1. Tally Lys and Arg at +1 and Asp and Glu at -1 over the other residues with C-beta under 13 Å from the C-beta of residue 97: what net charge comes out?
2. Out of every Cα-Cα pair in the range 79-121, what percent are more than 16 Å apart?
3. What's the exposure ranking of 184, 116, going from fewest to most Cβ atoms within 10 Å?
4. If you consider only alpha-carbon coordinates, what radius of gyration and Dmax does the range 34-95 have, in Å?
5. Name the trypsin sites (Lys or Arg not before Pro) in the range 94-169 that are in a loop by DSSP and that have at most 15 other C-beta atoms within 10 Å, would you?
6. Select from the chain the helices, each a whole stretch of DSSP H, whose alpha-carbon atoms run 15 Å or more along the helix axis and whose Kyte-Doolittle mean is at least -1.0; answer none if there are none.
7. Test of understanding: express the Cα radius of gyration of the range 43-188 as a ratio to 2.2 N^0.38 Å, with N the residue count.
8. With equal scatterers on the alpha carbons only and no solvent term, can you work out the Debye log10 of I(q)/I(0) for the range 94-168 at 0.22 1/Å?
Amino acid sequence: METPPPSEALLDAVGRMKPVRTRQPARTLAAVIGLALAWAAAWLQLGLRPDFRELPPLWLAGAGLLWAIGFALPLSVALLPARGQVLPRAGAARILAAAMPLALVLASLFAAQAPSSRIAHDSQQWMQASIRCCVVGLAIGLVPFAVALFALRRALPVGTRAIGAALGAGSGALGGLILHLHCSWAQPSHVAAAHAGAVVLGALIGALVGPLLLAL
């Protein structure tokens, strides 16, 4: 029995087929970081912290580097597959999503205070300033979080909660970096609760909404 020839519709469909455009994780990561830094730079136009020149340069640079690592490392793990793999590293993302917020909270407890920033504030002022800084930190992290989720949409069959949490933590750390350069409320309790708090909340938000948004 001879096989019937393919239909005209099938031949036409095959003729119109195009190569699948593969994902380019390294380029995606570069684009996310570039857009995030541009967004963060716009926020930094609000100005540097008034006590900037009074702070120990070594601490200022070291703490800034830690915030920058807290931003770049989780995003890199969430967006870049391991060598020879095609999916992001969900296991490593899960570890970083928990470890990075904890590390930044602990490091914030050793925040340096300039002489001009050693001002006593009551609990209401502390709470208002902390809520404001935490909201600003999350707002700064919104762009890298949204862009990274968009780049990974429908690409992850498993591990979406871990990837979302890592993206949220890294994005929150970008907010912490800008707050480190802008906010002069230097009490360690404020820095830990508000600046690093944006990282903790970012990880929790990412874990909750990441699986939903990545499936869209």
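1. Numbers: positive: 89, 94, 161; negative: none.
Here the count lands on +3.
2. Details: 545 of 903 pairs.
When every Cα pair of the range 79-121 is considered, 60 percent fall beyond 16 Å.
3. Numbers: 184 16, 116 12.
Arranged by neighbour count, lowest to highest, 184, 116 become 116, 184.
4. For the range 34-95, the Cα-based Rg and Dmax read 16.1, 48 Å.
5. Numbers: sites: 94, 118, 132, 153, 154, 161; in loops: 118, 153, 154.
Answer by residue number: 118, 153, 154.
6. Values: long enough: 25-44 (28 Å, 1.47); 57-79 (33 Å, 1.74); 90-108 (27 Å, 1.73); 123-152 (42 Å, 1.42); 160-182 (33 Å, 0.97); 196-214 (25 Å, 2.31).
Taking the DSSP H segments of the chain (at least 15 Å long, mean hydropathy at least -1.0), we get 25-44, 57-79, 90-108, 123-152, 160-182, 196-214.
7. Normalised Rg, Cα atoms only: 1.16.
8. Log-scaled intensity ratios, in q order: -1.13.
FYI, it's all coordinate maths here, none of it is from the lab. In this text, all values refer to a predicted model and were calculated from it rather than measured experimentally. Every residue, glycine among them, receives a Cβ derived from its backbone with ideal geometry; neighbour counts consider all protein chains shown.
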